[in-house]
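Worksheet: the structure to be examined is printed underneath.
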Amino acid sequence: MFKTIIGLEIHTQLLTKTKAFCSCSSEYFEDKPNTNICPVCTGQPGALPVLNRQSVVLAVRAGIALNAQINLVSYFDRKNYFYPDLTKGYQITQYFKPICENGYIEIDGEHVRIKRIHMEEDTGKMFHEGSELATSSESAIDYNRAGVPLVEIVTEPDMKTPAQARMFMEKLRDMLRYADISSGDMEKGALRCDANISVYDDETGMRSNRVEIKNINSFRYVEKALEYEQQRITETLKNGGQIAPETRGWNLSRRETFSMRSKEGEADYRYFPEPDIPPLSISEEFVQDIRRSMPELPQQKTERFIKQYSLPAYDAQVLCSSREVASYFEECAKTVKDPKFASNWIMTEVMKYINETEDYSLCSIKVGPSHYGELEELINSAKISTKIAKDVFPMMMESGKMPGLIVKEKGLEQIDNDELIANAAKKVIQENTDAYQRYKSGKVNLLGFFVGQVMKETRGKANPEKVNQTVRELLDS
């Protein structure tokens, strides 16, 4: 029986205004290449780093959010390697003593352990042939990203499936966003994942070497890349082969991994203490101040929603996956009698509309809390049916008008008049004598057909309960 072992190394950019060791702006996405740089972040001789205090605050916040031990004393080190996007020839990181250790995230009732959370700086960004900055025969480098503060979150090899790795990444992203630690935008490179995978046969003891897949930039592709490697490694072991210990990339167009280079060992990086930055010493009071300032995190909010609003666990998890959506729901829940009513419309119509409408977000939504209260009252008072409400809701999204006004303007108020419904039902029965005879001979499932025809006759405005009752009485009389 072949089993899989997966561990993740996740780099996330911190939400600071300036870089890790200098005063250059860390908000580089929209800026011209190589404009947010200085002698420190480009590694000029004699330039000395000065640690960004806010990056320490956010690193500690990450440790608290991820249930980790916060080390009151930690150290910075140099990780040496030569690559064009690393101007100094080394990266300032924390190797020997990180700021946080021994945390966890709960996935499916099990703890995925986090070995360490350490601070470091980002590198520049390379653009190769065919990109917007590079010609057909050159590569270009933008150093605006060099020196942007990161935390690297390293898990233990506790994940057993690619799907579990994806769930871990999604839950981690939500926690980082909730605590204002990182934007978590994978498409912008603010969250990047290196996945490590190996496979072993628990019957024979045969075990593959570990393979690393570098810089995967979406949750879906984390899962797909690991699935590909899981299958590749397993087939190789079944055929009696062995897997080379290497670093691989993910080819999006071909949906497969490819070999990049042999795997480096720790000795290759020649770590040694950073001589220009003294030990980082923080107080217990500093940590407690940050702990007291922590917002409610997704798991805590989910549990509260289940208890406070009597929501199913699934609803609570979906709503709490985004702090913005959770806040919107709570405001809407204040205006309705049944919070599940607001939850249903937000999870279906609102989120669907936002996903399908370009340049539209919850920030610009025109449906406010009061819309839900009025819509609930219209349905509960039988002025409109749920079916009509589904027609009204997109109109609310488009115009921002209250549902009662839309119902009045469009003439959508539900028909509740017994005589009108009875007349419509008699007309349908008279026009469908064959179906009526089959119903009388025992085909009672034709009741739905007649009800549907009456609703069509009344343009969907008749009270469905009264239609059902009236049609049944007429057919059985």
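The values are calculated or read from the model by the stated rules, or taken from the named source; none is laboratory data. All figures in this text were calculated on a predicted structure; none of them were measured in a lab. Because the Cβ atoms are built from the backbone with ideal geometry, glycine has one as well, and the counts that use them run over all protein chains shown.
Worth pointing out:
- Within region 434-477, the residues that satisfy the criterion of being among the charged types (D, E, K, R), out of contact with any strand residue (DSSP E or B) (no Cβ under 8 Å at 6 or more places or on another chain) and assigned to a loop (DSSP other than H, G, I, E, B) are LYS443, ARG459.
- Meets criteria (modelled with pLDDT of 95 or more, assigned to a strand (DSSP E or B) and not β-branched (Val, Ile, Thr)) for ARG61: no
- Where helices (runs of 4 or more DSSP H) fall wholly inside region 196-309, the ranges with 3 or more residues that are out of contact with any Ser or Thr (no Cβ under 6 Å at 6 or more places or on another chain) and more than 25 Å from ASP158 (Cα to Cα) are 284-292, 298-309.
- Selection status of ALA140, under 28 Å from ARG78 (Cα atoms) and in contact with a Phe, Trp or Tyr (Cβ under 8 Å, 6 or more places away or on another chain): yes
- Residues of region 419-456 classified as under 45 Å from the mean Cα position of the chain (by Cα) and either aromatic (Phe, Trp, Tyr) or buried (at least 16 other Cβ atoms within 10 Å of the Cβ) (or both), total: 5
- Qualifying residue in region 245-256 (condition: in contact (Cβ under 8 Å) with a residue 24 or more places away in the chain and closer than 30 Å to ARG53 by Cα): no
- Condition met for GLU331 (closer than 21 Å to ALA462 by Cβ, among the acidic types (Asp, Glu) and in a helix (DSSP H, G or I)): no
- For region 93-119, a residue qualifies if it is touching a residue at least 40 places away in the same chain (Cβ under 8 Å), surrounded by fewer than 24 Cβ atoms within 10 Å (Cβ to Cβ) and either outside any strand (DSSP E or B) or over 24 Å from the mean Cα position of the chain (by Cα) (or both), and the qualifying residues are THR93, TYR95, PHE96, ASP108.
- Qualifying residue in region 381-401 (condition: part of a loop (DSSP other than H, G, I, E, B), touching a Pro at 6+ places or on another chain (Cβ under 7 Å) and of a type outside the set (Lys, Arg)): yes
- Breaking point among (1) over 22 Å from the mean Cα position of the chain (by Cα); (2) not in a helix (DSSP H, G or I), for ASP180: (1)
Yes or no, residue by residue, for (1) under 30 Å from SER381 (Cα atoms); (2) without any contact (Cβ under 8 Å) to a residue 12 or more places away in the chain:
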{"residue": "ILE243", "(1), (2)": "no, no"}
{"residue": "MET260", "(1), (2)": "no, no"}
{"residue": "GLU285", "(1), (2)": "no, yes"}
{"residue": "PRO298", "(1), (2)": "no, no"}
{"residue": "ILE306", "(1), (2)": "yes, yes"}
{"residue": "LEU311", "(1), (2)": "yes, no"}
{"residue": "ALA316", "(1), (2)": "yes, no"}
{"residue": "TRP345", "(1), (2)": "yes, no"}
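- Counted residues, region 238-273 - those being within 20 Å of THR4 (Cα to Cα) and of a type in the set (A, V, I, L, M, F, W, C): 4
- Residues of region 347-376 satisfying the condition of being assigned to a helix (DSSP H, G or I), out of contact with any Asp or Glu (no Cβ under 8 Å at 6 or more places or on another chain) and either touching a residue at least 24 places away in the same chain (Cβ under 8 Å) or among the β-branched types (Val, Ile, Thr) (or both): THR348, GLU349, VAL350, MET351, TYR353, ILE354, SER370, HIS371, TYR372, GLY373, GLU374, LEU375
- Applying the set (1) of a type in the set (S, T, N, Q); (2) loosely packed, with under 15 Cβ neighbours inside 10 Å; (3) modelled with pLDDT under 95 to SER321 leaves exactly one unmet item: (2).
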